[in-house]
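Engineer: So that we are looking at the same thing, I have put the structure below in structure tokens.
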Amino acid sequence: MLQPTDVKSLRGADAAAPDQAPAVRQQLGKKPGSQEKIARTFQGQPPLIPHATDNFDEVSLTDNQCLECHGEDAYKKKGAPRLSDSHFVGADGKRQQVSDARRYACTLCHAPQFDAPPLVDSTFIGTPPQK
């Protein structure tokens, strides 16, 4: 039979101790447009962000700095990838003139890259999407 002293938290023996703050890691990539695109590892994977975003403003109701390069009006001039057509489909399934509000917070799907070891081991081997 287990004794109360045999049960331990994943944090260690003292569960009341404050958590140690994680080390601050640098984002990979520098200025937008100066890195190669990162290959996708499965069909439907949102593109990964190959440039630093730590100096970008927070996304708000009135401002999304990502759209200054990737938006419909700017991508050609900036030489950046355009928002995918899926970003212009509303909840009703119809094409809209502007990006759907559900796709406005870019980093919910598109992840910047950091110089950090994986949190867990993985044996995942993707299959690159067909072109």
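Engineer: Which pairs turn up if I take residues in segment 30-42 that are hydroxyl-bearing (Ser, Thr, Tyr) and look for partners that are loosely packed, with under 11 Cβ neighbours inside 10 Å with beta carbon separation below 6 Å, at least 6 apart in sequence or on another chain?
Structural biologist: Short answer, once both residue conditions are applied: none.
Engineer: What number of residues within segment 55-75 are touching a residue at least 40 places away in the same chain (Cβ under 8 Å) and either surrounded by fewer than 17 Cβ atoms within 10 Å (Cβ to Cβ) or of a type in the set (A, V, I, L, M) (or both)?
Structural biologist: Final tally of qualifying residues: 1.
Engineer: Name the residues in segment 36-54 that are under 13 Å from the mean Cα position of the chain (by Cα) and open to solvent by less than 100 Å² (accessible area, probe 1.4 Å), would you?
Structural biologist: Of everything in segment 36-54, those that are under 13 Å from the mean Cα position of the chain (by Cα) and open to solvent by less than 100 Å² (accessible area, probe 1.4 Å) turn out to be Ile38, Gln45, Pro46, Pro47, Leu48, Ile49, Pro50, His51, Ala52, Thr53.
Engineer: Given the options Pro117, Pro18, Pro46, Pro22, name the one that is part of a loop (DSSP other than H, G, I, E, B), at negative phi and touching a residue at least 24 places away in the same chain (Cβ under 8 Å).
Structural biologist: Only one candidate passes the filter, namely Pro46.
Engineer: Could you list all residues from segment 78-114 that are open to solvent by 80 Å² or more (accessible area, probe 1.4 Å), among the hydrophobic types (A, V, I, L, M, F, W, C) and in a helix (DSSP H, G or I)?
Structural biologist: Within segment 78-114, Ala101, Leu108 meet the criteria.
Engineer: May I ask you to verify whether Ala39 is farther than 28 Å from Ala23 by Cα, assigned to a loop (DSSP other than H, G, I, E, B) and among the hydrophobic types (A, V, I, L, M, F, W, C)?
Structural biologist: On the way: farther than 28 Å from Ala23 by Cα: no; assigned to a loop (DSSP other than H, G, I, E, B): yes; among the hydrophobic types (A, V, I, L, M, F, W, C): yes.
Criteria not met by Ala39.
The values are calculated or read from the model by the stated rules, or taken from the named source; none is laboratory data. Given the structure is predicted, the values throughout are model-derived calculations rather than measurements. Because the Cβ atoms are built from the backbone with ideal geometry, glycine has one as well, and the counts that use them run over all protein chains shown. The area values use the complete protein model at the heavy-atom level, side chains included, leaving out ligands, DNA and RNA. Shrake-Rupley method; radii C 1.70, N 1.55, O 1.52, S 1.80 Å.
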